[in-house]
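Everything below concerns the one structure shown next.
The values are calculated or read from the model by the stated rules, or taken from the named source; none is laboratory data. As the structure is a prediction and not an experimental result, all values here were calculated from the model. When we count neighbours, we look across all protein chains shown, and the Cβ atoms used for this are built from the backbone with ideal geometry, even at glycine. What goes into the accessible areas is simple: the full protein's heavy atoms, side chains included, and nothing from ligands, DNA or RNA. Shrake-Rupley method; radii C 1.70, N 1.55, O 1.52, S 1.80 Å.
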Amino acid sequence: MNKFHQIPTDKFVPISHDNSYLFNHYDKVANFLAFNLEKNYKSILAKPVQNGYAFDWFSVYENLVNINEQNTAEAETALMKYWEFIEVINAKIQQLSNSNDENNKNWAKLLTKVFNRQDNFIFSNGKDICIVWGWKFDNNELYKPNIAKNQNLDLIPEKIVASIEKPLEKNVPEFNPTNISHDFIEEEDLIEEIVFEEVLIDEDINHKSSGFLEFLKWFASKYWWLLLILLGLIMLIAIFQLMTLTNKINNI
């Protein structure tokens, strides 16, 4: 796979899902895209790999560039492909959400977070696109181009219908990391496992610090009169010590 982008961990906030960071679910989501849609969209998702205090992003595609750095025509072509995919995945999400199966509902929530427009960056090489995801990017530049410009968009309804006609019970794997088969992962995808100790430690320290501050605020608001008594005692002790010191000076 080819490294094409890097983001520092202190620049963006990671998104969480089911008590873990969203980017921990890369393998599950990539396999879902490969085996539960009419077209194999697995490669549309960039793979994150932690590199110290930054994340490197990898793709099977070469020469990927952020569409914000491309000319208007190239950017609009990439946006057309992105929105074509979003139409397909949103139809699948809707089907999963309407299911009575909790596993399907969990998949709908996960996919909704992964493919939230504001939390996606789009990269393209003029032919293929790849999505950087999993962090709060607050990206408001993924506008939807005029669909009349794309001659292939008349195929979208057929893709959506073909995609959502697949039976959910047979195609959606159980939403459990231990049940995910790694037979589907290509050898080139096995770079290195992502390690998140630094991020988790920082989150734990911030959580404890925030909890202690909240306790102090609660104690001060409920037992303020104890603070006044304590202040009075401190003043009395100070006055007593001052008087004692004065008497000693006068007796000398």
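Across the range 26-48, what is the total count of residues that are more than 16 Å from F58 (Cβ to Cβ) and within 13 Å of the chain's Cα centre (by Cα)? So the count comes out to 0.
Touching a Lys or Arg at 6+ places or on another chain (Cβ under 6 Å), crowded, with 16+ Cβ neighbours inside 10 Å and not basic (K, R) - does that describe any residue in the range 86-108?
First pass over the range 86-108, keeping only residues touching a Lys or Arg at 6+ places or on another chain (Cβ under 6 Å): 88.
Pick out the ones that are also crowded, with 16+ Cβ neighbours inside 10 Å and you get 88.
Next cut, not basic (K, R) only: 88.
Yes, the range 86-108 has at least one match.
The criterion of being β-branched (V, I, T) and in contact (Cβ under 8 Å) with a residue 60 or more places away in the chain holds for I44. Beta carbons closer than 6 Å, at least 6 apart along the sequence or on distinct chains, pair a first residue in the range 8-32 that is over 21 Å from S43 (Cα atoms) and without any contact (Cβ under 8 Å) to a residue 60 or more places away in the chain with a second that is of a type in the set (A, V, I, L, M, F, W, C) and surrounded by fewer than 18 Cβ atoms within 10 Å (Cβ to Cβ) for P8/A54.
Criterion first (without any contact (Cβ under 8 Å) to a residue 40 or more places away in the chain and open to solvent by less than 40 Å² (accessible area, probe 1.4 Å)) does F115 satisfy it? Criteria met by F115. Out of N2, N40, N19, one residue alone is within 27 Å of E87 (Cβ to Cβ) and either surrounded by fewer than 17 Cβ atoms within 10 Å (Cβ to Cβ) or of a type in the set (D, E) (or both). It is N40. The residue that is surrounded by the fewest Cβ atoms within 10 Å (Cβ to Cβ), among those in the range 52-68 that are of a type in the set (S, T, Y) and at pLDDT 95 or above, is Y61.
A quick yes/no check of all residues on (1) open to solvent by 50 Å² or more (accessible area, probe 1.4 Å); (2) of a type outside the set (S, T, Y); (3) out of contact with any Pro (no Cβ under 6 Å at 6 or more places or on another chain):
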residue	(1), (2), (3)
K11	yes, yes, yes
N36	no, yes, yes
Q50	no, yes, yes
Q70	no, yes, yes
T77	yes, no, yes
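Somewhere in the range 117-138, is a residue touching a Lys or Arg at 6+ places or on another chain (Cβ under 9 Å), in a helix (DSSP H, G or I) and of a type in the set (G, A, S)? No: zero hits.
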